[in-house]
Amino acid sequence: MIRVAVLASGTGSNAMKLLHHAKNLTQLCIPLVIVDQKSSLLLETVKNEFPEVSVQLIEVPQHKSNADRKTIHENEMLAILKEHKIDWCFLAGYMRLIGPTLLHAFHDGKKHKIVNIHPSLLPKFPGLHAYEQAYEANEKVSGITIHFVDKGLDTGPIIAQETFERRSQDSLEDFILRGKQLEWKLYPKILSQLNEKGDL
Ligand code: GRF
């Protein structure tokens with residue numbers, strides 16, 4: 001079995017879609033969800049809906065310098081990822097750049113076995129608030145990108161992209177919902193690909 005961990009910070013709608021989808025896969029499972037924010041809804045929802053999945057809160061230590069913080073935080077995550085024998089990490093609204101500790105641990109010689117979903121057609125609109133950026137820029141066609149993670153901000157090699165059209169009457173909320181609905185389909189599809197091919 002391929003063992004996938006989901007890393008998240010916020011609402012976790014993508015994380016929940018991945019967990020539901022993984023239930024029907026034969027070669028892949030999600031035994032672990034790591035969140036870095038104690039406000040994340042996932043701490044409750046995963047416990048309630050997937051009691052067999054370990055959901056762990058690993059917060060960033062507050063008392064160190066920035067660089068130390070990331071190293072300590074990632075070492076703590078790495079210990080748990082190893083304990084659960086995790087092969088791949090799927091980021092689902094994980095709001096931190098992945099640092100050298102995890103990048104090194106999940107490198108297979110060609111790529112990092114860490115995947116992210118980003119709500120724009122990268123390389124357009126990297127970083128925070130990508131839906132808002134695309135909407136403000138009046139993009140008539142926007143989309144979703146799934147990509148391997150590297151050390152940059154949303155710069156890793158692209159695995160898949162899908163587009164959606166902005167309708168003339170779309171409010172920002174409509175636009176985001178159109179995109180989210182695409183995210184909820186595309187991310188599970190990539191999980192299926194990993195399940196079928198054993199790699200991405
Ligand atoms: C999604 O829009 C995802 O593309 C981005 O962060 C957001 C997370 O949303 N990386 P959710 O927590 O999965 O609802």
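Restricting attention to region 135-166, which residues are part of a loop (DSSP other than H, G, I, E, B) and out of contact with any helix residue (DSSP H, G or I) (no Cβ under 7 Å at 6 or more places or on another chain)?
Of the residues in region 135-166, the ones part of a loop (DSSP other than H, G, I, E, B) are 137-140, 149-157, 166.
Hits for region 135-166 are A137, N138, E139, K140, V149, D150, G152, L153, D154, T155, G156, P157.
If you check E74, E132 for being buried (at least 22 other Cβ atoms within 10 Å of the Cβ), assigned to a helix (DSSP H, G or I) and of a type in the set (D, E), only one passes: E74.
The set of residues in region 33-44 that are away from the ligand (no atom under 13 Å from the Cβ) and either buried (at least 24 other Cβ atoms within 10 Å of the Cβ) or part of a strand (DSSP E or B) (or both) contains only I34. Filtered by the rule that a residue be away from the ligand (no atom under 12 Å from the Cβ) and crowded, with 16+ Cβ neighbours inside 10 Å, region 1-32 gives I2, V4, A5, H21, A22, L25, L28, C29, I30, P31, L32. Taking (1) modelled with pLDDT under 95; (2) over 28 Å from I176 (Cβ atoms) in turn, G109 satisfies each apart from (1). All conditions but one from (1) touching a strand residue (DSSP E or B) at 6+ places or on another chain (Cβ under 7 Å); (2) within 30 Å of T163 (Cα to Cα); (3) surrounded by 14 or more Cβ atoms within 10 Å (Cβ to Cβ) apply to F125; the one that does not is (1). All told, G93 falls short of being over 13 Å from A8 (Cβ atoms), in a loop (DSSP other than H, G, I, E, B) and of a type outside the set (A, V, I, L, M, F, W, C).
Number of residues in region 96-109 that are surrounded by 12 or more Cβ atoms within 10 Å (Cβ to Cβ) and part of a loop (DSSP other than H, G, I, E, B): the value is 5.
How about region 185-200: which of its residues are surrounded by 15 or more Cβ atoms within 10 Å (Cβ to Cβ) and either assigned to a loop (DSSP other than H, G, I, E, B) or in contact with a Phe, Trp or Tyr (Cβ under 6 Å, 6 or more places away or on another chain) (or both)? L200, the sole residue that qualifies.
One line per residue, one yes/no per condition, for (1) touching a Lys or Arg at 6+ places or on another chain (Cβ under 8 Å); (2) among the hydrophobic types (A, V, I, L, M, F, W, C):
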residue: S9; (1), (2): yes, no
residue: D36; (1), (2): yes, no
residue: L42; (1), (2): no, yes
residue: N48; (1), (2): no, no
residue: E83; (1), (2): no, no
residue: I86; (1), (2): yes, yes
residue: L97; (1), (2): yes, yes
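Look at I86 and say whether it is touching a residue at least 12 places away in the same chain (Cβ under 8 Å) and within 16 Å of the ligand (Cβ to nearest atom). So I86 does not fit the description; no. For L78, the conditions (1) within 16 Å of the ligand (Cβ to nearest atom); (2) out of contact with any Lys or Arg (no Cβ under 8 Å at 6 or more places or on another chain); (3) aliphatic (A, V, I, L, M) all hold with the exception of (1).
Kindly indicate whether any position in region 117-135 is more than 13 Å from the ligand (Cβ to nearest atom) and hydrophobic (A, V, I, L, M, F, W, C). No: zero hits.
Can you confirm whether region 174-184 contains a residue that is in a helix (DSSP H, G or I), within 13 Å of the ligand (Cβ to nearest atom), under 15 Å from the mean Cα position of the chain (by Cα) and of a type in the set (D, E)? Checked against the condition, which is being in a helix (DSSP H, G or I), within 13 Å of the ligand (Cβ to nearest atom), under 15 Å from the mean Cα position of the chain (by Cα) and of a type in the set (D, E), region 174-184 yields at least one hit.
Between I86, I190, I176, I98, the distinction of being touching a helix residue (DSSP H, G or I) at 6+ places or on another chain (Cβ under 6 Å) and at pLDDT 95 or above belongs to I176 only.
The values are calculated or read from the model by the stated rules, or taken from the named source; none is laboratory data. This one's a predicted model, so the numbers in the text were calculated from it and none came from an experiment. Every residue, glycine among them, receives a Cβ derived from its backbone with ideal geometry; neighbour counts consider all protein chains shown.
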